Amino acid sequence: MASVLLCSTPVHAHVTPLLAVTRSLVARGHDVRFLTGARFAAAVTAAGAQHLSLPADADFDDRDLAGHFPGREGRTGLDAIRYDMLQIFVGPGHAQHRAVLATLADRPADAVLVEPLFLGATALAATPADRRPPLLALGIFPLGLTSAHTAPFGLGVLPASGRFGVVRNRVLQRVVERSLAPAQEATAELVRSAGERPLDGFFLGWPAHADAIAQLTVEEFEYPRPDVSTPVHYVGPPAASSAAGSGGPALPTWWSDLDGSRPVVHVTQGTVANEDLDQLLLPTIRALADEDVLVVAATGGRPVEALGALPENARAAEYLPYESLLPRTAAYVTNGGYGGVHHALRHGVPIVVAGKTEDKAEVAARVAWSGAGVRLRTNEPRPGQVRRAVRRVLDDPAYARASARLGERIAASPGTDGVVDVVEGLVGAAARTAIDG
């Protein structure tokens, strides 16, 4: 049995996949501690781990970012990215790292597993391997390792081949690094304050200095990076039941309407970026009101009444059981959540992606690059844009075929059990090194 410490920023979309990994670690007999926000204590305990609360200066409630970070209001584009990186992710890094050290001093761990925006881990990655436990980065959103063969993370720019692509990527990398220079320096100072030498490279690419990366996707959904030497294990996404835990939403009263007489188009804005249903849910419902389809909307916890009166061919619920819904779905319209997109791919459903913020531009780019769907390049598409994109993925079977190919690879992947395999491999290698030393 190994002792494993998991660490996550207190953001729902970051914590949820680590909870799935927690359940797999516990099922394999490992002792798990989970360092994250106080509001996730019950979920961590239910997953079988010991919850450890982040200190107050590293904890916040992501449901009220405006209240915790009032300076975030009104920022857009690179200005918004700079603010988020400095205040939400780099700023808490000092307290995160101190909390990790205190936890390890209280009781050592055989391995530490973190998500990439838990930036307190940069100081741990900068610590020589003989003075820390093995460090595993868990890829909960598209891979952000710096490479001459890919554009910088966050731009949603597709790979370009040949010499032109390499030159373009270098130019774009310099532009992004200049734009985020304050966050780069703040991260370097975080590492220096821990008594270590700052890492080489861009701060968001710090997982390259981890002992390994376990990426929650399949290799065919990620850009090739032949110049990256860090071991990347493509384990596939968590199973829907693993990601959600036990139980699930009950079937709505209208479920029998999914009788196959009309193609089902499912639309969602996820469970976090759903404050404004006019961004995607309502434009999709309006766009398809006169189409011969059945639109099924999930509000992600928002009251269904917030949608107003629905057209004849629309149904809605706060939550829906994906394992039952997606096999009946002909097209999936989303703002680009990594987990939701993989649920659709698992079932071979073609995708229309409208998200552009956070990691969503990168998710949308990979959907387009893989051929599994269409990206709209906006957070707030017009109904006409949605209608045309939905008709494309319904009328052209190439999108469904590409999604089905990815679904086959996902079905063959180990998911969170693969993460446990990587953890056990790192722990075993460290034990052998200690014996040989």
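No lab work stands behind these numbers, since they all come straight from the coordinates. Bear in mind that the values here come from a model prediction, so they are computed numbers and not experimental data. Positions of Cβ are backbone-derived with ideal geometry, glycine not excepted, and every protein chain shown enters the neighbour counts.
Taking a cut-off of 40 Å, what percent of all Cα-Cα pairs in the chain are separated by more than that? Could the numbers behind the result be given before it?
On the way: 15475 of 95266 pairs.
That tail contains 16 percent of the Cα-Cα pairs.
What residue among F153, I140, A125 has its Cα farthest toward the positive end of the dipole of region 65-179, where the charges are +1 on Lys, Arg and -1 on Asp, Glu, each on the Cβ?
Of the options given, the answer is F153.
Thinking of region 249-335 as a set of Cα atoms, what percent of all their pairs are more than 22 Å apart?
Working: 566 of 3741 pairs.
The calculated P(r) of region 249-335 puts 15 percent of pairs beyond 22 Å.
Highest mean first, how do 301-309, 329-337 rank when packing is the count of other Cβ atoms within 10 Å averaged over residues?
Working: 301-309: 11.7, 329-337: 26.2.
In decreasing order of mean packing, 301-309, 329-337 become 329-337, 301-309.
How far is helix 360-370 tilted, in degrees, relative to the longest principal axis of the Cα atoms in the chain, given as a value from 0 to 90 rounded to the nearest 10?
70
For region 47-62, take each phi angle, set θ = phi - 60°, evaluate the Karplus expression 6.51 cos²θ - 1.76 cosθ + 1.60, and give the result in whole Hz per residue in order, putting x for glycine and proline.
Result, rounded to whole Hz: 7, x, 10, 8, 7, 10, 7, 5, x, 4, 7, 10, 10, 7, 9, 5.
Given N residues in region 47-111, what is its alpha carbon radius of gyration divided by 2.2 N^0.38 Å? Don't skip to the end; give the middle numbers.
Details: Rg = 14.9 Å, N = 65, 2.2 N^0.38 = 10.7 Å.
It is 1.39.
Report the label-to-label distance for L310 and R28 in nanometres (one decimal), using points 7 Å from each Cα along the Cα→Cβ vector.
My value for the distance between the label points is 4.1 nm.
Just to compare against my own numbers: the Cα pair-distance distribution for region 374-422, 10 Å bins, whole % per bin, please.
For region 374-422, the pair-distance distribution reads 21, 30, 26, 19, 3.
What ranking do I81, I285 get, fewest neighbouring Cβ atoms within 10 angstrom at the top? Don't jump to the answer; show the numbers that get you there.
On the way: I81 18, I285 25.
Ranked by crowding around the Cβ, least crowded first: I81, I285.
At 10 °C and a viscosity of 1.306 mPa s, what translational diffusion coefficient does Stokes-Einstein give for region 142-185, taking Rh as the Kirkwood radius over Cα pairs? Give it in µm²/s as a whole number.
On the way: Rh = 10.8 Å.
Taking Rh from Cα pairs, D becomes 147 µm²/s.
May I ask for the net charge around T9, where only other residues with Cβ less than 9 Å from the Cβ of T9 are counted and Lys, Arg are +1 while Asp, Glu are -1?
Numbers: positive: none; negative: D62, E115.
Once positives and negatives cancel, what remains is -2.
Quote the convex hull volume per residue of region 276-390, based on C-alpha atoms, as a whole number of Å³. Kindly include the intermediate steps, with their values, before the conclusion.
Details: hull volume 11.1 nm³, N = 115.
For region 276-390, the hull spanned by Cα atoms encloses 97 Å³ per residue.
7 Å from Cα along Cα→Cβ at both A181 and A80: what's the point-to-point distance in nm?
2.5
Enter the angle in degrees (range 0 to 90, nearest 10) between the Cα long axis of helix 397-411 and the first principal axis of the Cα atoms of the chain, meaning the one along which they spread out most.
Helix 397-411 sits at roughly 40 degrees to that axis.
Along the Cα-to-C-beta direction of D290, a point sits 7 Å from the Cα; which residues of region 380-422 have their amide N less than 14 Å from that point?
Flagged as within label range: 383-385, 387-388.
I need the trypsin sites (Lys or Arg not before Pro) found in region 9-38, filtered to DSSP loop residues with at most 11 other beta carbons within 10 Å of theirs.
none
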